[in-house]
Structure formats: C-alpha cells, structure tokens
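Please read the structure below before turning to the comments.
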Amino acid sequence: MKKDIGLGLKPPEGKCEDPKCPWHGKMPVRGRVFEGVVRSAKNHNTVRVEWGFHDFIQKYQRYEKKKSKVSAHNPPCIRAREGERVVIAECRSLSKTKHFVVVHKKGEK
Ligand SMILES: [Zn+2]
C-alpha cells in the first residue's frame, strides 16, 4: 500500500529509493504548499520553482503582482522537468537553500 502524505494528492506512478522522497522515503512534509512552474532543472535532484501571487498594498488600495522562486528537491520518482506545473510542499531543510520538495506533477503546461 502506498502511503498518504496528507495533502490529498495522488501518489506518483514511479518508485524510488530516495530517503528524501516524501512518498517513498522518510521525509514528512509540513507547512506551506504552493503550485508553480519549474524554471530550471539543471541541478541534480533540484528544481527552481516559480509562482505568482497578488499582494494587497494598503496605501494604494490595489494589488501588486509579485512572484516568488524557491529551490525544491526533485525526487527521482517525480522527475519534474523545465516548464512543468508542480505542487511543492515545505519540509525540513535539505541543504542551505532547499526546504521545499516537489510532491506532485501536473503535466506539461
Ligand atoms: Zn519517490
């Protein structure tokens, strides 16, 4: 039986031996969850994920368009590539700049 990581998402098709995989390893996810687009997948098992949001500015009573970008761990069973929509979840720090992990792939954009 596949385990449920608690986000109501479908487990990936593939399998892996990665201890840092939230589905097959021993890595719990907690905290914030975002949906974004993979902007760079050059590093081994790491992707840069970017997503946009609107931030309300009190002074002007308007929304400002902003975007955010983080590094996320890309487990071998998900293998997200550049341009794909993914769901990332916050986890413990995996390295100096990595504290997110890709938990789901939404297919090509
Ligand atoms: Zn896995």
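Lone cysteines in the chain, defined as no other cysteine's Cβ under 4.7 Å from theirs: which are they? Those would be CYS21, CYS91, since no other cysteine Cβ in the chain comes under 4.7 Å of theirs. Computed from the Cβ-Cβ distance with R0 of 25 Å, the FRET efficiency linking LYS3 to GLN58 stands at 0.05. Backbone geometry of segment 32-42 corresponds, through the Karplus equation with coefficients 6.51, -1.76 and 1.60 at θ = phi - 60°, to 3J(HN,Hα) couplings of 7, 10, 10, 10, x, 10, 6, 9, 8, 10, 7 Hz, x marking Gly and Pro. Comparing PRO28, PRO75, PRO19 in a Gaussian network model of the chain (Cα springs below 10 Å), the most mobile by mean-square fluctuation is PRO19. Restricting the chymotrypsin sites (Phe, Trp or Tyr not before Pro) of segment 37-109 to loop positions (DSSP other than H, G, I, E, B) with no more than 11 neighbouring Cβ atoms within 10 Å leaves TYR60.
Under 5 Å between amide hydrogens, built in the peptide plane, is the criterion, and for LYS106 it picks out ARG85, VAL86, VAL87 among residues at least 5 positions away or on other chains. Annotation: amide H-H contacts under 5 Å for THR46 (H modelled 1.01 Å from N, sequence separation of 5 or more, or interchain): ASN74. For segment 52-59, 3J(HN,Hα) computed residue by residue from phi via the Karplus equation (6.51, -1.76, 1.60; θ = phi - 60°) reads x, 7, 10, 10, 7, 9, 4, 4 Hz, glycine and proline entered as x. In plain terms, the chain is cut at each of the GluC sites (Glu not before Pro) found in a DSSP loop with at most 10 other Cβ atoms within 10 Å, and the longest leftover piece is 18-109. Each residue of segment 4-9 was assigned a 3J(HN,Hα) from its phi angle through the Karplus curve 6.51 cos²θ - 1.76 cosθ + 1.60 (θ = phi - 60°); the sequence is 9, 8, x, 10, x, 9 Hz, with glycine and proline shown as x.
Counting only aspartates and glutamates at least 8 places from LYS106 when in the same chain, those with an alpha carbon closer than 17 Å to its own are GLU13, GLU35, GLU50, GLU82, GLU84. With 31 Å as the limit, the listed pairs LYS3/LYS66; LYS26/LYS66; LYS20/LYS67; LYS15/LYS66; LYS59/LYS98 have LYS3/LYS66; LYS26/LYS66; LYS15/LYS66; LYS59/LYS98 beyond it between alpha carbons.
None of the figures in this text is laboratory data; all of them are computed from the coordinates on show. Since we're looking at a predicted model, the values are computed, not measured. Using ideal geometry, Cβ is built from the backbone for each residue, glycine included, and neighbour counts are taken over all protein chains shown.
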